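In what follows, a single structure is set out as structure tokens and then discussed.
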């Protein structure tokens, strides 16, 4: 009976996983002090806009305004790596993994039916510091040109129903 309930609950979790985002992992090269971003697209994620609910509950202004849920299963575009371990990788290795870190990472909603949104922002390796297009600030460029850009302010990896839960401001 319990097994059936968990299986049934697990099947219900997939409802609403129809949106897409690009997560940008930020890396600062300490030696050259260059800023690089690594963009990874995630399809079939769930976006929940939560600002009013969280402000009412927490009574704070600086609370997540967007909640991103990413299934942690075999459909991930690449494996997850802990932020501390990810920072120690080479550039080529960083391209093979993604991480979720509150120290400069952000995400962009790129596909959502309710917003009539279907865009293709850059993915892969983005040199923020050396590109004239980004003028040394890729995050600000994305906010100005794409909208629906959220800095990552909280992160949890949940196991009962395996998924990543990411709060964005």
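The table below gives the values:
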item	result
Residue 37 vs. criteria at pLDDT 95 or above and touching a helix residue (DSSP H, G or I) at 6+ places or on another chain (Cβ under 7 Å)	yes
Filtered residues of region 96-118 (kept if surrounded by fewer than 15 Cβ atoms within 10 Å (Cβ to Cβ) and not in a helix (DSSP H, G or I))	96, 102, 103, 116, 118
Among (1) in contact with a strand residue (DSSP E or B) (Cβ under 7 Å, 6 or more places away or on another chain); (2) closer than 26 Å to residue 29 by Cβ, the one test that residue 88 misses	(1)
Residue list for region 116-136, restricted to those being in contact with a strand residue (DSSP E or B) (Cβ under 8 Å, 6 or more places away or on another chain) and farther than 16 Å from residue 43 by Cα	125, 126, 127, 128, 129, 130, 134, 136
Count - residues of region 123-136 that are touching a residue at least 24 places away in the same chain (Cβ under 8 Å) and either touching a helix residue (DSSP H, G or I) at 6+ places or on another chain (Cβ under 8 Å) or surrounded by fewer than 16 Cβ atoms within 10 Å (Cβ to Cβ) (or both)	7
Residue in region 127-141 that is assigned to a loop (DSSP other than H, G, I, E, B) and modelled with pLDDT of 95 or more present	no
Hits in region 67-97 (condition: closer than 16 Å to residue 22 by Cβ and touching a helix residue (DSSP H, G or I) at 6+ places or on another chain (Cβ under 8 Å))	94, 97
Conditions (1) closer than 17 Å to residue 70 by Cα; (2) modelled with pLDDT of 95 or more; (3) part of a loop (DSSP other than H, G, I, E, B); number of the one not met by residue 157	(3)
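The values are calculated or read from the model by the stated rules, or taken from the named source; none is laboratory data. This is a predicted model, so every value here is computed, not measured. Backbone-built Cβ (ideal geometry, glycine too); neighbour counts: all protein chains shown.
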